[in-house]
Structure formats: C-alpha cells, structure tokens
Amino acid sequence: MQPLVSIIIPTYKGADKISSAVDSVLKQTYDNIKVIVVDDNGKGTEHQLLTEKAMEKYADNPKVQYIPHQVNKNGSCARNTGIRASKGEFLGFLDDDDVFLLESLSHNMSSYSVA
C-alpha cells in the first residue's frame, strides 16, 4: 500500500483559485492522498464565506478536509494548522494559486520505498 501523503493548502483571499488547486491534487496519479485546506481569512469574513462556498463541492469527499481559522493568523500559522491536522506519513504543500502537474506526487514518491 502507498503511504498517505497529506497536502496542505493554506488560503487567504483565494476563493476564486482554491478549486483549481484542490482539483489538481485530487487528479494525481498517486492515489493515497488527503487534501487539507486551511482558510486563514477569519471566520465570518466576506472572503471566508466565499472560500467556504467554493469548498462545498468537496463536502462529501473523504479525501478533502476544510479548516477555517477563527481569525487571520498568517500563512505560517495556516501551514502549522494543516500539519497538526495531517495524518500522512509524508507532507506536501501547495499554495492556493498553484496547481500540481498530473504526476507530481507519483514522481516525488517514486524515490521513497516502504519497507
């Protein structure tokens, strides 16, 4: 079995881009993934509500977890929140305005062997 890779995506004012980032992870040829989106806009703000709306399409997907911060803390704190929530043996990071190429994780994980 492939090791679990947790991909942490912090987002701030990125509601219009977050779906592209999440979709690029979900389309990976490497299967055993968990996407953790940490919303750093601050609960109840206009941008948080927009991000929450964008994330609704993943509500039933067990490979996606959405975590909103109560207040804006900054990107480093958002990454740390994602690390604490992760269960993966490996971590990956992706910005909300970036995407993974189709075989990014397969290529990266091919250099690791599980004993």
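The values are calculated or read from the model by the stated rules, or taken from the named source; none is laboratory data. Small disclaimer: the values here were computed from a predicted structure and weren't measured. Reconstructed Cβ throughout: ideal geometry from the backbone, glycine too, with neighbour counts over all protein chains shown. Heads up: the accessible areas ignore ligands, DNA and RNA and are worked out on the full protein's heavy atoms, side chains in. Shrake-Rupley method; radii C 1.70, N 1.55, O 1.52, S 1.80 Å.
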Discussion item. Criterion first (touching a Ser or Thr at 6+ places or on another chain (Cβ under 8 Å), assigned to a strand (DSSP E or B), more than 22 Å from Asn108 (Cβ to Cβ) and at pLDDT 95 or above) does Ile67 satisfy it?
Written reply: yes
Fill in: Residues located in segment 37-52, provided they are in a helix (DSSP H, G or I) and either farther than 18 Å from Asn74 by Cβ or of a type in the set (D, E, K, R) (or both)
Glu46, Leu49, Leu50, Glu52
Response to the item:
Checked Lys27, Lys17 against criteria (surrounded by fewer than 21 Cβ atoms within 10 Å (Cβ to Cβ) and within 30 Å of Tyr112 (Cα to Cα)); the one match is Lys27
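Yes or no: segment 81-97 includes at least one residue that is surrounded by fewer than 18 Cβ atoms within 10 Å (Cβ to Cβ), among the hydroxyl-bearing types (Ser, Thr, Tyr) and farther than 20 Å from Lys27 by Cα.
no
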Worksheet item: For segment 70-80, how many residues are farther than 12 Å from Thr11 by Cβ, open to solvent by 60 Å² or more (accessible area, probe 1.4 Å) and part of a helix (DSSP H, G or I)?
Response: 2
